[in-house]
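The values are calculated or read from the model by the stated rules, or taken from the named source; none is laboratory data. What you see is a predicted model, and the numbers here were worked out from it, not measured in a lab. Every residue, glycine among them, receives a Cβ derived from its backbone with ideal geometry; neighbour counts consider all protein chains shown. The protein model used for the area step is the full one, side chains on, heavy atoms only, and it has no ligands, DNA or RNA in it. Shrake-Rupley method; radii C 1.70, N 1.55, O 1.52, S 1.80 Å.
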Amino acid sequence: MAASSVDSLYFDNAADSEEAARLFDETKGGVKGLVDSGITTVPKLFRLSPQTASQYGTTRSKSPCPFAVPVIDMKDLESRRAVVVEEIRRAAAELGMFQLVNHGVEVSVMEDMMAEARQFHEQPTELKQGYYSRDVTQKARFISGYGALRRSSFNWVDTLLMTPAPSDAQDHLPIICRDSATIFIGRIRELGETLSQLLSLALGLTPSTNEFISTNLTTANLNYYPPCPEPEVAIAANPHFDTSTFTILLQDQVGGLQVFHEGAADWVDVPSLHGALVVNIGNMLQLLSNNKMKSAEHKVFANAIVPRQSVACFFMPPIDFSTMSTKMYGPIKELVSEKYPAVYREASLAALWGSLYPDLEGSLRNPVLARLRIAYDKEVV
């Protein structure tokens, strides 16, 4: 694709943004394909309006928020379980995000995952085009601008979405990253089981009720953020709340991830710590916990220098597309009482999925959960 034809192909000849998105998808090259074509400006499909760029905050503040994301050490967990549970409870209740160290996932496993994920994204376009799809039922698919078809602009990111098999057999994954992904997914599953137990204990749930906190790894996203020629007018990941119960994130050393600190009314950098994994609470757990744990709003900056990578692993109830609109979830009954009545109505996964798309017209930070509040029509949330 010639650099001079990029704007013409995607915008000048497009009747509207939907057609522009379709034309972009038909290239099956993703954002990396645009960068490889030699573009020097951000195409309209990815360009934020000045108002949205200001709302999202596409550049770091000169006075960064003094608050820090908690770092929780899982070393000697058996003898320190009460301490770790309390640290998780506090972090999940106050910020909705924390970093884990000494979590049992070997650094070599994480490094191999990152290396092979990069190989997938940086291979020639024709070798990965076969995986490009927006069919949500496909178990391994390569897409670009994740979630963008319901937004006014695309995110500056390419993603390989993987739906892990229940067993260790991951034959549906691309060969180029299958070995590392299989091992990494297995280790993350183990950590997810441990974390779900710790979160349950932090909520005061007994072993007989902790099955409410999902240990099901539904999706692993291998994200690749190419260098952006105009990072001030684009965003790598728009401010959003995960739908998941919780998410375990592996990020590289480039940086760019931030989480919103409600108390400070400001964004906090999530630094890249060697060997650490980031955990953030999702909307599902805020709903299940009856507001005792907070879903973390987070975003990722675009940068002009080097590509950034991350691997996001989402834990939530198994996704059955035939029941996404009918199976309901609500506050765990053991967490509801006369003193602590239910905060939210029950909701389906289909309803909760809207959390990826902020209400750009309104002032609500988390419009999906806000609209599920039982007292929504009686209070400002």
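Tabulated values for the structure
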{"item": "Selection status of Leu191, open to solvent by less than 30 Å² (accessible area, probe 1.4 Å), touching a His at 6+ places or on another chain (Cβ under 7 Å), in a helix (DSSP H, G or I) and of a type in the set (A, V, I, L, M)", "result": "yes"}
{"item": "Unmet requirement for Tyr224, which otherwise passes all of (1) at pLDDT 95 or above; (2) open to solvent by 60 Å² or more (accessible area, probe 1.4 Å); (3) under 15 Å from the mean Cα position of the chain (by Cα)", "result": "(2)"}
{"item": "Residue satisfying condition, being free of Cβ contacts under 8 Å to residues at least 40 places away in the same chain, of a type in the set (D, E, K, R) and over 28 Å from Val31 (Cα atoms), within set Glu193, Glu106", "result": "Glu193"}
{"item": "Answer from Leu352, Leu288 - the residue that is buried (at least 19 other Cβ atoms within 10 Å of the Cβ), in contact with a Phe, Trp or Tyr (Cβ under 8 Å, 6 or more places away or on another chain), more than 20 Å from Leu100 (Cα to Cα) and modelled with pLDDT under 90", "result": "Leu352"}
{"item": "Positions within the stretch 30-46 being surrounded by 19 or more Cβ atoms within 10 Å (Cβ to Cβ) and either at pLDDT below 85 or basic (Lys, Arg) (or both), in sequence order", "result": "Lys32"}
{"item": "Residue within the stretch 320-328 that is touching a residue at least 40 places away in the same chain (Cβ under 8 Å) and closer than 26 Å to Val109 by Cβ present", "result": "no"}
{"item": "Considering residues of the stretch 302-319 that are within 24 Å of Val105 (Cβ to Cβ) and small (Gly, Ala, Ser) only, the residue farthest from the chain's Cα centre (by Cα)", "result": "Ser310"}
{"item": "Criterion (at pLDDT below 95, open to solvent by less than 10 Å² (accessible area, probe 1.4 Å) and farther than 22 Å from Glu106 by Cβ) met by exactly one of Ser200, Ser208, Ser152, Ser196", "result": "Ser200"}
{"item": "Unique residue being in contact (Cβ under 8 Å) with a residue 60 or more places away in the chain and crowded, with 24+ Cβ neighbours inside 10 Å when the list is Asn303, Asn280", "result": "Asn280"}
{"item": "Matching helices (runs of 4 or more DSSP H) fully within the stretch 52-146 where at least 1 residues are modelled with pLDDT under 95 and within 24 Å of Ala302 (Cβ to Cβ)", "result": "125-128"}
{"item": "Residue match in the stretch 75-84 (condition: open to solvent by 70 Å² or more (accessible area, probe 1.4 Å) and on the phi > 0 side of the Ramachandran plot)", "result": "yes"}
{"item": "Count of residues meeting criterion [on the phi > 0 side of the Ramachandran plot and at pLDDT 95 or above] in the stretch 257-285", "result": "1"}
{"item": "Residue count, the stretch 302-353 (criterion: assigned to a loop (DSSP other than H, G, I, E, B) and out of contact with any Cys (no Cβ under 9 Å at 6 or more places or on another chain))", "result": "28"}
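Rundown of residues vs (1) over 20 Å from Glu193 (Cβ atoms); (2) more than 14 Å from the chain's Cα centre (by Cα); (3) of a type in the set (Asp, Glu), yes/no style:
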site	(1), (2), (3)
Phe241	yes, no, no
Gln253	yes, yes, no
Glu262	yes, yes, yes
Asp266	yes, yes, yes
His274	yes, yes, no
Val278	no, no, no
Ile281	no, no, no
Met284	no, no, no
Met293	no, yes, no
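For (1) more than 29 Å from Phe46 (Cβ to Cβ); (2) assigned to a strand (DSSP E or B); (3) not charged (D, E, K, R), each residue gets a yes or a no:
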{"residue": "Ile183", "(1), (2), (3)": "yes, no, yes"}
{"residue": "Arg187", "(1), (2), (3)": "yes, no, no"}
{"residue": "Ser214", "(1), (2), (3)": "yes, no, yes"}
{"residue": "Leu249", "(1), (2), (3)": "no, yes, yes"}
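So that you can scan it fast, the table gives a plain yes or no per residue for (1) in contact (Cβ under 8 Å) with a residue 40 or more places away in the chain; (2) of a type in the set (A, V, I, L, M, F, W, C):
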site: Gly29; (1), (2): yes, no
site: Lys32; (1), (2): yes, no
site: Ser54; (1), (2): no, no
site: Thr59; (1), (2): yes, no
site: Val71; (1), (2): yes, yes
site: Asp76; (1), (2): no, no
